[in-house]
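Okay, so here's the structure we're looking at.
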Amino acid sequence: MSAGAAGGVTPARIAPLVVQVLFVGLTLGLVRTAVPALAEAEFGVARGSFVALGGFVVAFGVVKAALNLIAGAWSERVGRRPVLIAGWIAALPVPVMVWAAPSWGWVVAATVLLGINQGLAWSMTQTAKLDLAPAGDRGRILGLNEFAGYAGVALAGLGTAVLAESLGARATVLVTGLAVVLAALALALATVPETRPPGPVTPGASGTFRQALARMSWSDRRLAALSLAGMVEKFVDALVWVILPGWLIAQGLGLGQAGAVTAVYGLSWGLAQIVTGRLSDRIGRVIPNVGGMALCAAGVLLFPLLSGIAGWSAAAAVTGLGMALLYPNLPAAVADLAAPDWRGTAIGIYRFWRDLGYAVGALGFGMAAQAAGAADAAFWFTGAAMVLATLILWAWTGESLPGHARRGVTAPGSSPGPNR
């Protein structure tokens with residue numbers, strides 16, 4: 001009997017996992033705020049060299065995507081808890097490497113380790129909660145998970161921007177980064193339980209991993225559309241990471257003000273997920289997912305159209321709200337469609353495609369901005385990609401939530417797995 005079936009989801013059972021994803025978000029927020037500031041100031045990466053500036057995000061995205069893919073299948077064999085702990089061990093050198101970096105290559109290498117941490121640790125907080133959550137509660141539980149994570153990203157981003165002005169970016173990452181990673185590792189060892197459903201692992205029961213990858217990527221257009229939407233949504237987060245801080249500073253804002261605008265995006269995204277995840281448990285997955293894609297596209301396109309800190313903060317809030325509609329509900333739809341014996345693998349594959357969007361998006365909008373000679377082109381590229389993905393998601397997906405009206409979607413329990 002699974003953990004979810006055994007006793008439902010109680011605050012005491014998920015609290016250690018919520019704390020873990022908060023620390024995962026804090027770790028990401030520390031690095032993603034400090035690294036762009038270091039790029040030009042200390043390593044000579046020119047603000048106009050958009051492709052070079054995005055190199056560390058490409059490395060992060062590729063590594064995190066690959067580790068998502070590995071984490072899902074690995075956790076089916078060894079359990080969720082060992083994979084989570086391995087993610088925190090991978091993060092231990094990151095603050096020291098950023099602090100001591102003699103060259104930009106060291107920063108990129110530290111970002112690779114950060115990608116390993118995020119791919120393993122964040123994946124496991126999500127997968128473990130899905131182990132505990134019944135079908136009608138998945139949106140709420142994933143919303144809580146992503147709320148905690150992205151609230152951590154936003155709070156760390158704002159705090160890092162403020163501290164970096166007095167301590168310097170390197171010292172801020174060293175001191176706060178080590179404190180966060182060590183605390184997270186200690187709490188993982190002391191408080192996080194194993195949630196993988198008991199019983200023997202039978203890899204062939206729902207088809208091979210190759211069949212699962214095919215179904216998630218192209219052979220089942222519902223799941224393929226969800227994977228594509230996940231990938232393109234990460235174009236937005238890559239844009240906020242790589243382009244937005246420097247673009248805001250170029251418009252005349254200080255580092256603290258730019259950090260505040262970016263924090264509006266993160267807080268809007270994080271806080272709203274308390275509501276948006278639960279919303280999809282009530283009205284279904286399609287409306288929040290399609291609406292979130294469209295709202296996110298609108299928010300991105302508002303940045304070059306508006307001016308002033310108030311206008312850019314409004315654009316950040318709209319973009320964050322769109323992400324809040326998407327982030328818990330795309331994987332909730334995947335979980336609806338994947339049988340329990342391959343759900344961890346399915347979520348891992350979805351997260352692979354989603355986080356590959358960091359790399360694809362950074363390369364795409366980097367080349368667009370480089371060709372145009374202006375950072376505004378990055379916003380137009382990302383907004384156009386989001387509009388196209390919105391149309392595909394609307395055309396290809398049906399309702400997946402059990403008990404709601406469906407357009408040709410088989411109930412999750414009737415699907416034998418990825419070879420169907």
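The values are calculated or read from the model by the stated rules, or taken from the named source; none is laboratory data. These numbers were taken from a predicted model, which means no experiment stands behind them. As a convention, Cβ positions derive from the backbone with ideal geometry for all residues, glycine included, and neighbour counts pool all protein chains shown.
To keep it simple, each residue is scored yes or no on (1) more than 17 Å from the chain's Cα centre (by Cα); (2) within 22 Å of R354 (Cα to Cα).
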residue: R278; (1), (2): yes, yes
residue: G291; (1), (2): yes, yes
residue: C296; (1), (2): no, yes
residue: P304; (1), (2): yes, no
residue: S307; (1), (2): yes, no
residue: G322; (1), (2): no, yes
Quiz item: Picking from G308, G291, G270, G284, which residue would you name as being in contact with a His (Cβ under 8 Å, 6 or more places away or on another chain) and more than 25 Å from L363 (Cβ to Cβ)?
Solution: G284
Exercise. Could you list, in sequence order, all residues of region 354-379 that are over 22 Å from the mean Cα position of the chain (by Cα) and either at negative phi or modelled with pLDDT of 95 or more (or both)?
Key: M367, A368, A369, Q370, A371, A372, A374, A375, D376, A377
Quiz item: For region 237-261, how many residues are out of contact with any Phe, Trp or Tyr (no Cβ under 9 Å at 6 or more places or on another chain) and in a helix (DSSP H, G or I)?
Solution: 9
Self-check item: Those residues of region 62-78 which are modelled with pLDDT of 90 or more, closer than 11 Å to Q118 by Cβ and of a type in the set (G, A, S), in sequence order
Solution: A65
Quiz item: Being closer than 30 Å to A41 by Cβ and at pLDDT below 85, is that true of even one residue in region 125-138?
Solution: no
Practice problem: Report whether or not A133 is in contact (Cβ under 8 Å) with a residue 40 or more places away in the chain and of a type in the set (G, A, S). | Solution: yes
Practice problem: Please work out which one of (1) over 28 Å from V242 (Cα atoms); (2) more than 21 Å from the chain's Cα centre (by Cα) is the condition V162 fails and give its number. | Solution: (1)
Quiz item: Got a number for residues in region 234-263 being among the small types (G, A, S), in contact with an Asp or Glu (Cβ under 7 Å, 6 or more places away or on another chain) and modelled with pLDDT of 85 or more?
Solution: 0
Quiz item: Are any of the residues in region 157-169 among the hydroxyl-bearing types (S, T, Y), free of Cβ contacts under 8 Å to residues at least 24 places away in the same chain and in a helix (DSSP H, G or I)?
Solution: yes
Self-check item: Scope region 206-248; condition without any contact (Cβ under 8 Å) to a residue 24 or more places away in the chain and touching a helix residue (DSSP H, G or I) at 6+ places or on another chain (Cβ under 6 Å); matching residues
Solution: W218
Quiz prompt | Selected residue [in a helix (DSSP H, G or I) and either exposed (fewer than 15 other Cβ atoms within 10 Å of the Cβ) or at pLDDT 90 or above (or both)] from A148, A154, A190 | solution = A190
Quiz item: Pick from L30, L26: which is at pLDDT 90 or above and assigned to a helix (DSSP H, G or I)?
Solution: L26
Quiz item: Looking at R196, is it of a type outside the set (D, E), part of a helix (DSSP H, G or I), surrounded by fewer than 24 Cβ atoms within 10 Å (Cβ to Cβ) and in contact (Cβ under 8 Å) with a residue 40 or more places away in the chain?
Solution: no
Practice problem: List the helices (runs of 4 or more DSSP H) that sit entirely inside region 303-406 and contain at least 3 residues that are charged (D, E, K, R) and closer than 30 Å to A71 by Cα. | Solution: 343-372
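Residue-by-condition table, conditions (1) in contact with an Asp or Glu (Cβ under 8 Å, 6 or more places away or on another chain); (2) part of a helix (DSSP H, G or I); (3) among the hydrophobic types (A, V, I, L, M, F, W, C); (4) within 23 Å of E399 (Cα to Cα):
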{"position": "V175", "(1), (2), (3), (4)": "no, yes, yes, no"}
{"position": "V232", "(1), (2), (3), (4)": "no, yes, yes, yes"}
{"position": "Y265", "(1), (2), (3), (4)": "no, yes, no, no"}
{"position": "S268", "(1), (2), (3), (4)": "no, yes, no, no"}
